[in-house]
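Worksheet for the structure shown next.
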Amino acid sequence: MADAGGGADCRRARVALFPLPFQGHISPMLQLAGALRARGLAVTVLHTAFNAPDPARHPGLAFVAVPDAIPEAAAANGIAKILALNAAMEASGRVRGALASLMAAAEGEPRLACLVLDSTLTAAQKAAAGLGLPTLVLHTGSAACFRLFRSYDMLHHKGYLPSTESNLHMPIKELPPLQVRDLFDPSKLPNKEIGQKILNLATETTTNSSGAILNTFEALEPHELG
């Protein structure tokens with residue numbers, strides 16, 4: 001986002017944003033949308049029918065609905081819903097279609113510069129990549145959380161995970177001040193494969209994007225951002 005400052009070039013650019021449709025993910029994305037618009041960018045928010053934001057509460061932002069088709073069985077389970085949402089989006093091609101329409105803006109309209117997506121929306125990242133559209137990933141948690149999610153290979157390699165009764169209070173010297181008991185351990189879930197898939201989603205989108213945006217600020221997490 002190096003060219004997101006003010007001026008004529010900036011005003012010819014549009015940014016699309018796609019939040020995960022849970023409130024703890026929608027709110028930070030809409031706050032980011034407002035910050036980008038304040039810097040002179042045109043902003044379009046893509047959203048699902050589930051938990052759709054109210055455009056009337058966000059004047060100045062454009063909204064585009066991307067129909068979702070999530071199986072009823074997945075509706076009550078948050079993790080299963082994320083996986084089902086990605087599968088439905090990828091199968092339908094509707095995210096790609098919405099992005100393609102924005103990229104085909106009429107002459108004189110702001111050009112689509114990139115897509116900012118939630119870290120769990122791999123289907124959106126793949127759709128953008130197929131169109132040659134750069135992506136950035138918004139991690140709605142803290143910088144400490146981001147560092148932790150990027151450390152799971154190390155945590156397994158050094159034996160912190162899977163956790164046991166005997167090591168719950170063991171300090172993780174690589175991630176102070178955390179102890180093993182503070183970690184999300186997919187192996188303790190009823191379906192550990194699903195838990196691991198969620199970790200994999202965030203890793204995949206971040207690795208395949210041009211950069212990451214963290215929901216934090218330096219005064220709050222100077223050590224993690226240092």
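Read-outs: derived from the displayed coordinates by stated rules, not from any lab. Owing to the predicted nature of the structure, the values given are computational and were not obtained by experimental measurement. Positions of Cβ are generated from backbone atoms using ideal geometry, with glycine treated the same way; all protein chains shown enter the neighbour counts.
Among the GluC sites (Glu not before Pro) within segment 146-226, which fall in a DSSP loop and have no more than 10 other Cβ atoms within 10 Å of their own Cβ? Within segment 146-226, the qualifying GluC sites (Glu not before Pro) (loop, at most 10 other Cβ atoms within 10 Å) are Glu165, Glu218. Can you compute the FRET efficiency between Glu165 and Ala52 using 1/(1 + (r/R0)^6), with r the Cβ-Cβ distance and R0 = 30 Å? Round to the nearest 0.05. After rounding, the FRET efficiency stands at 0.10.
Mind checking which of His58, His169, His139 has the largest fluctuation in a GNM of the chain, springs on alpha carbons under 10 Å? So, out of His58, His169, His139, the one fluctuating most is His169. Counting lysine pairs in the chain whose alpha carbons fall under 16 angstrom apart, excluding pairs fewer than 8 residues apart on the same chain, gives 4.
Taking the DSSP bridge list for the chain and keeping only pairs wholly inside it, about 5 percent are antiparallel. Under 5 Å between amide hydrogens, built in the peptide plane, is the criterion, and for Thr135 it picks out Leu115, Ser210 among residues at least 5 positions away or on other chains. Panel note: the C-alpha atoms of segment 112-165, placed on their principal axes, show extents of 50, 22, 14 Å (largest first). What FRET efficiency would be calculated for the residue pair Ser187, Phe22, taking the C-beta separation as r and a Förster radius of 25 Å, to the nearest 0.05? The formula returns an efficiency of 0.55 here. For the residues Pro177, Pro186, Pro53, a GNM of the chain with alpha-carbon springs under 10 Å puts the largest fluctuation on Pro177. Around the Cα centre of the chain, unit charges on the Cβ atoms of Lys, Arg, Asp and Glu (plus for the first two, minus for the last two) sum to a dipole of about 220 debye. Only helices enter the 222 nm calculation for the chain: every DSSP H run of n ≥ 4 contributes -39,500 (n - 2.57), and dividing by all residues gives -11000 deg cm²/dmol, rounded to 500. Of the residues Gly40, Gly108, Gly60, the one that moves most in a GNM of the chain with alpha-carbon contacts below 10 Å is Gly108.
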